[in-house]
Every structure is written in C-alpha cells, then in structure tokens.
Amino acid sequence: MTKQVFTGGHTALALGVCYYPEQWPEQDWADDARQMHALGLHYVRIGEFAWSRLEPRQGEFCFGWLDRAIDTLASAGLKIVLCTPTATPPKWLIDAHPEILPVDPVSGHTRGFGSRRHYDFSSPVFLREASRISAVLAQRYGCDDRIVGWQTDNELCCHDTSHSASNTARENFQAWCERRYGDISSLNTAWGNVFWSMEYSSFASIELPFNAVTETNPAHQLAYRRFASEQVIHFHNSCIEAIRPHAPSQWITHNFIPMKDTQVNCFDLARPLDFVSYDSYPLGRSEFLLGREQPELARRYMRTGHPDYTAYYLDQCRGLKNRGFWIMEQQPGPVNWAPSNPRPAPGMVALWTLEAIAHGADVVSFFRWRQAPFAQEQMHAGLLRSDRSKSDAWREVETVVRVLGALAPLPLPQPVAQVALLADVSAQWVCDIEQQGQKAEAHKVAFQFYSALRGLSVAVDILGVDADLSAYALVVIPSLPIVPDPLLSSLGTIDATVLFGPRCGAKTEEFGIPAQRAPGVLQSFLDIRVNSVETLRPDVREAFSYRGETFHSRLWCEDLEVGSASVEMSYQSGRAGLVRNGRYYYLSTLTDDPFLDRLLENLLTGADVDWRKVPGDVRYLRRGQVCFAFNYGETSTQLAVDDQLEFLLGGRELPGHSASIWLDDRTAD
C-alpha cells in the first residue's frame, strides 16, 4: 500500500462519526458506510472498546472482522481513525491478573470487572499488556494508508480513575518520594510531619493519604497527586511509544474529557500527541456544572448548555498544543449519564458543531452512528436510532455539511487572541485539598473570569504556566496558589497588563505558607501581604463601591497589608480589594459577575484591546475574515454588523438557538 507522509495533522474542515462494527450485524456495515458517505461524513472512528473481539484469549488474535470492517468503510470513501482498546481490559486478562484492578481511594474496595476503565495506572502488568496490544495493532495497521491516525485509550481518568489506593500504587508512590526527596528527613521537613506526630522513619513506611480519621497532611496529598499525574502520563507515553515505530506516517491523538475531571497535568499529557481531541457533551456537562448550585441557570440552559462552558473547554484544547484540534465525540441528542438528560433544542447540534469550528476544531465527529439497543448506553442517542431510522440530528448535520462546503475554499487561520488566561492543575489540587470555603474552587473561579471575557467578545487563549506570553496585551491568572519560577521570570519581562486573582502565590512548592506570607513570590511585583483570609457562606454577598457603582464580594476575602501599591478598590469597610503597581493588579476577593465585567472592561481598554458587550446569550468569534455569532437564547437578536456583508449562514437577524457566519475583510486579523 502507498505510505502516507505525515505532516502534522489535518487542516481541512470535515465531519466524522464514531462506529462500532463489532456491535452490529456484518450485513449492515456496507449500508452504514454508504449512508455515512452520502451524509457528507469523511472520518469514522472504530475499535476503542473491542479488545475482547480482537484478542478473545491471551495471544489469540482475530483480525478478520476488523480487516473486513476497514475494507468496507474505506471502500465507501471513508478515512479511518483506529483506536487502541486499552480502556476495556477483557475478562481473561483480569482473571489472570486481578492485581490490575484499581482500589477506590474513598471506600478502599477493589473496583471490579463489568464496566470500563477498570485498571490501575500503577500496574506494571497492565502497562505491559496495554503496550503489547497497542504495538500489535500498530504492527498490523501502521502502514495501511486507509488508517489516517490513532486514538489512544478512551477518556483517560474518566469516572475518577486517576487515583488508586492499591498496594502497587503505594509501593510506586514510596519509590517516587525517595527519588524526589532523597532522604526521609528531607521529606519529613518538606511536609511538616512534626505536626500531629506524622514523621516517617523510612520511605517504605509511607502510607497513601486516604482513609485516615480526619484530613491527611496537605503536603502529603499534593505529593500523591503529583505522583498520580506522572503515573497517568507515563502510562500514556508508553502506549504512544508502542505505536510510533510502526506508524510513522499516521498521527496520534487522544480524546480528552474536561480538564478538571482528569486530575492530571493535561499539558504534559498532550505533549507527545500530534494534536488533541475533546469529547463534547454540552448538556450533560452543564447539568453537572449548574444543576445543584445554580438551578435557575440550569433550567434556562437545559436544552442548550451554558453559552461559555463548552467554549471554555474548546479553548483549553486549542491551548494544549497551540494548534487545531478535533472533537472526537459530539453530542447529537440526549445522553444517558447526567442527572437529567433532555433533548437538545432544535438547531443546537448544528450550533455546537459550528462553534467548535469557530474555536479552532478541524474535524467534528459525532457520537455515535447508531443508538445501541443493549448494554449501558441504550439511552444515548446517535445519528441513527436503534432501528436505523434517522434521528432528529440528521438534518442539522446536513446543514453543517453545506456550511463546511462554503467555508472550504476560504483561508481559516486559528483564532487570534490578545488575552491569555493561565491554568495549571496545581491550582485545582490546592483548592481541592485545602478547600477552606465551600464553592471557592479553582476551576469555577477560572470559568468565571473566562465567561466574563467571552461576554465582552474577546478571544481567549488558555495556556499553561510555561507558555510564551510575549504576544499578549492582557494576562489573566484567576487562581494559581503555587507560582513556578519560570512563570515569575516571564511575567517580569513581558509588556502585558497582568491580573492576579485571590489566592495566587499563597503556597510554596510543598504546600506551606510563604516565609513573607502570601502572595509570596508575587511580592516582587506588588508590595502587599495577606494578613488573614475569611471564607463566606455561599449565600452571603457583601456590597462595595467601585467607580461609583455598587458590586458584591463573596466566598473568599483576604485582608491585605498594603505597602507602596495603590488601592484601586476597597471593600469590607476599608480593606484593600484591588491593588495595583504599574501593570500588575491583584484582586483580593471573589466577586459577583458585574464587577468582574467592569474590571475587565477597564483593563482591556487600558491594554488597547477591542471589546464589545453583547446580549447575554450571544457570543462572537472570528477566524481571519470569517466571523461567527451564536445565539444560545430563545429569542432573536439583531447583530450589530453591516448588512452589506456576505453571509455564509443566516443573516443580521439571528434567531434563537442558531448561528450566523459572514465574511469581513476590513477587520480580519
């Protein structure tokens, strides 16, 4: 077969679908493939849960069915993404090696067979077996030009599987601690183990930080989370290394879930991939975000998803590799795994698909082709119903196909942002370990800042702490208790305005209070010290004034000692709420949305970044000359654009639950 030359990913816009040929009668495959191609789909993902069919017994491989499926799909004109099946170890492997199973850190019980993701990242046996099956598949299909690329595993760390309390995990953690600290005395000092008589006499005596009488040492917990993150990354890297030598012309990606759910350094996890993919489920994710805490918003966006929540993770995916990405799974209808599972409002499947493209997606692949009539996901919709009739999403996919045809001849560079929002998993770890106050969670704080920026029609790059920040006019750091030295150096050399949120710089590398109090190393930019912190009940709002308007603080409130920095806003009867030193700002409290809007408006204006306030349910974005607008609301709105512009979809009148796309060379980046 002709060997492809891999050039780093796919750039032409296209659609795809997830397909499970092993779950359907073989006589249906050809008609399924024909319909996929006729609909306008170009890619089909297969094989991610098929280990038991590929290797029904140890070392006994059955590739005939997969060969025929690949041939059937490719003969219909489809390009194939082949998955490694490591997310579902087969029963024979568990029977032979039950030590592969993870141990739930909360209950202490071994998680059993019968679902998925039933493996321990610390298991050397499973690492060996996962690498083996990945290599076997790559050896067979790595030079097959019908296979364009690979997806590793499936949704790493989904279902809270990044952590395990197994004996193997404990032994690996002990070895990790010895490598990091060198001698046990250094570990005891770094963790402050003299407190509560927690000192260890040897690395072999170190326990995992679970199931104690009350909370365990936060430094111990942070060390374990660093270790667990590295275990996941090591496992994933090993699987990639098993594929690469046999598939040099095929790309490798992984389908991420929301970064807050992985508990892993996703920037490091993405590093060896050619590009990243994301599994996008706007309704289910919004229900988990809003359902219990903001029921009014949950009801309002029940059939659309929150206007910024999906975009937040789309921009995270673009930032993981600073390039285009795929949606490997796009919700096409009701799902089966959220507390409630409504149908998408008419028009939303098309809107979500086009929104992903606006934020930088190259390919959007729908999950799944056909609704399963058996097993755990019977209630999860597909493009076809279980009887092979067309679902409600079909016509919306047809609409998207027409739009992509209009976009195809146009240059479509990635979105250009003048604002960077920095994210690091350590912020989530610190806030989870030492919560201090209910609801003051790092990912929620970051999302509030992001949502405020998107409500001002500002493109945002979500970046890691080691990113090059030289091209940005405004850098926003909502929550970063541990500030690494390279970032500190970078922030001292760039010309951007920098806004720090509360709790930034509050912890040392080993989860202690800095010697000169918080914000620790940030005192090189701002002459301030945190005297004390109070956290408020979630139902408490306290009024303050800023530039003649009244706003409210909430949840997290710091009392600052201010030296030479200027106080820009005060709250709580004179406490400094916002301080400034030149281009550096520090906000000492969490606030309501209106204040954050006003503050960011002022900072954007001062940084010479264009912004415009839009109706609450409308969002804008552009890729070069191509401009997008999305209306998450129910009612129509009039876009503030020239009606002489060429519209590729819709017009100036933007109905509810719809998108408009137009060309505007005058303001193209």
**Q.** Residue list for region 549-571, restricted to those being crowded, with 16+ Cβ neighbours inside 10 Å and outside any strand (DSSP E or B)
**A.** 565
Q: Keeping to region 602-640, report how many residues are among the charged types (D, E, K, R), out of contact with any strand residue (DSSP E or B) (no Cβ under 9 Å at 6 or more places or on another chain) and surrounded by fewer than 18 Cβ atoms within 10 Å (Cβ to Cβ).
A: 4
Q.
Yes or no: region 118-130 includes at least one residue that is in a loop (DSSP other than H, G, I, E, B) and surrounded by fewer than 19 Cβ atoms within 10 Å (Cβ to Cβ).
A. no
Q: Filter region 435-451 down to residues that are aromatic (Phe, Trp, Tyr) and over 15 Å from the mean Cα position of the chain (by Cα), then give me how many there are.
A: 1
Q.
Scan region 275-284 and tell me whether some residue there is farther than 17 Å from residue 443 by Cβ and touching a Gly at 6+ places or on another chain (Cβ under 6 Å).
A. yes
(Q) What's the total number of residues in region 294-340 that are out of contact with any helix residue (DSSP H, G or I) (no Cβ under 8 Å at 6 or more places or on another chain) and either part of a strand (DSSP E or B) or over 21 Å from residue 365 (Cβ atoms) (or both)? (A) 9
Q: Determine, yes or no, whether residue 210 is farther than 30 Å from residue 68 by Cα, modelled with pLDDT of 95 or more and assigned to a loop (DSSP other than H, G, I, E, B).
A: yes
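Results for (1) assigned by TED's automatic domain parsing to the domain that holds residue 534; (2) surrounded by fewer than 24 Cβ atoms within 10 Å (Cβ to Cβ); (3) not in a helix (DSSP H, G or I), shown as yes or no for each residue.
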| position | (1), (2), (3) |
| --- | --- |
| 372 | no, yes, yes |
| 376 | no, yes, yes |
| 398 | no, yes, no |
| 401 | no, yes, no |
| 431 | yes, yes, no |
| 444 | yes, yes, no |
| 458 | yes, yes, yes |
| 467 | yes, yes, yes |
| 476 | yes, no, yes |
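Residues are listed down the side, and each one gets a yes or a no for (1) assigned to a helix (DSSP H, G or I); (2) under 30 Å from the mean Cα position of the chain (by Cα); (3) of a type in the set (Gly, Ala, Ser):
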site	(1), (2), (3)
66	yes, no, no
71	yes, no, no
77	no, no, yes
80	no, yes, no
86	no, yes, no
95	yes, no, no
Q: Could you run through region 133-143 and say how many residues are surrounded by fewer than 22 Cβ atoms within 10 Å (Cβ to Cβ) and of a type in the set (Gly, Ala, Ser)?
A: 2
**Q.** Condition broken by residue 302, with the remaining ones in (1) in contact (Cβ under 8 Å) with a residue 24 or more places away in the chain; (2) within 30 Å of residue 200 (Cβ to Cβ); (3) surrounded by fewer than 19 Cβ atoms within 10 Å (Cβ to Cβ); (4) among the hydrophobic types (A, V, I, L, M, F, W, C) satisfied
**A.** (2)
Q) How many residues are closer than 24 Å to residue 408 by Cα and part of a helix (DSSP H, G or I) if we restrict to region 18-64? A) 7
Q) What is the number of the single condition among (1) crowded, with 19+ Cβ neighbours inside 10 Å; (2) in contact with a His (Cβ under 8 Å, 6 or more places away or on another chain); (3) not small (Gly, Ala, Ser) that residue 250 does not meet? A) (2)
Q. Failed condition for residue 430, given (1) touching a helix residue (DSSP H, G or I) at 6+ places or on another chain (Cβ under 9 Å); (2) under 24 Å from residue 659 (Cα atoms), with all others met?
A. (2)
Q: Mind listing just one residue for me: the one in region 305-354 that is among the basic types (Lys, Arg) and more than 27 Å from residue 635 (Cα to Cα) and, of those, surrounded by the most Cβ atoms within 10 Å (Cβ to Cβ)?
A: 318
(Q) Looking at residue 264 and the list (1) over 15 Å from the mean Cα position of the chain (by Cα); (2) aliphatic (A, V, I, L, M); (3) closer than 30 Å to residue 436 by Cβ, which single condition is not satisfied? (A) (1)
Q. Looking only at region 642-667, which residues are assigned to a strand (DSSP E or B) and either at pLDDT below 95 or out of contact with any helix residue (DSSP H, G or I) (no Cβ under 8 Å at 6 or more places or on another chain) (or both)?
A. 646, 647, 653, 654, 660, 662, 663
(Q) So residue 490 ticks every box in (1) in contact (Cβ under 8 Å) with a residue 40 or more places away in the chain; (2) of a type in the set (Ser, Thr, Tyr); (3) surrounded by fewer than 20 Cβ atoms within 10 Å (Cβ to Cβ) but one. Which box is left unticked? (A) (1)
Q: Restrict the check to region 109-120 and report whether at least one residue is of a type outside the set (D, E, K, R), assigned by TED's automatic domain parsing to the domain that holds residue 328, touching a residue at least 60 places away in the same chain (Cβ under 8 Å) and under 22 Å from residue 58 (Cα atoms).
A: yes
Q. Of the residues that sit in region 641-669 and are among the β-branched types (Val, Ile, Thr) and surrounded by 12 or more Cβ atoms within 10 Å (Cβ to Cβ), which one is farthest from residue 357 (Cα to Cα)?
A. 641
(Q) Between a residue in region 30-47 that is under 25 Å from residue 254 (Cα atoms) and any residue that is assigned to a helix (DSSP H, G or I), which pairs come within a Cβ distance under 7 Å, given they are 6 or more apart or on different chains? (A) 33/72; 33/73; 40/401; 44/36; 44/73; 46/21; 46/69; 47/66
Q | Entirely in region 589-639, the strands (runs of 3 or more DSSP E) that have 3 or more residues that are farther than 26 Å from residue 498 by Cα | A | 626-631
Q. What are the residue pairs meeting all of these: first residue in region 500-529, first residue over 13 Å from residue 563 (Cβ atoms), second residue among the β-branched types (Val, Ile, Thr) and assigned to a loop (DSSP other than H, G, I, E, B), Cβ atoms under 6 Å, and 6 or more apart or on different chains?
A. 505/483; 507/482; 514/508; 521/483
Q: Return the residue satisfying two criteria in turn: it lies in region 144-175 and is in a loop (DSSP other than H, G, I, E, B) and polar (S, T, N, Q), and of such residues it is surrounded by the most Cβ atoms within 10 Å (Cβ to Cβ).
A: 164
Q.
Looking for something in contact with a Leu (Cβ under 9 Å, 6 or more places away or on another chain) and assigned to a strand (DSSP E or B) - is there at least one such residue anywhere in region 506-523?
A. no
Q: Determine whether residue 92 is among the aromatic types (Phe, Trp, Tyr) and within 26 Å of residue 388 (Cβ to Cβ).
A: no
Q. Restricting attention to region 35-60, and to residues there that are surrounded by fewer than 15 Cβ atoms within 10 Å (Cβ to Cβ) and of a type outside the set (S, T, N, Q), which single residue is nearest to residue 366 (Cα to Cα)?
A. 38
Q) How many of the residues in region 233-263 are in contact with a strand residue (DSSP E or B) (Cβ under 7 Å, 6 or more places away or on another chain) and of a type in the set (A, V, I, L, M)? A) 5
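The values are calculated or read from the model by the stated rules, or taken from the named source; none is laboratory data. Keep in mind that what you see is a predicted model, and the values were worked out from it rather than measured. Quick reminder, even Gly has a Cβ in these numbers, built from the backbone with ideal geometry, and neighbours come from all protein chains shown.
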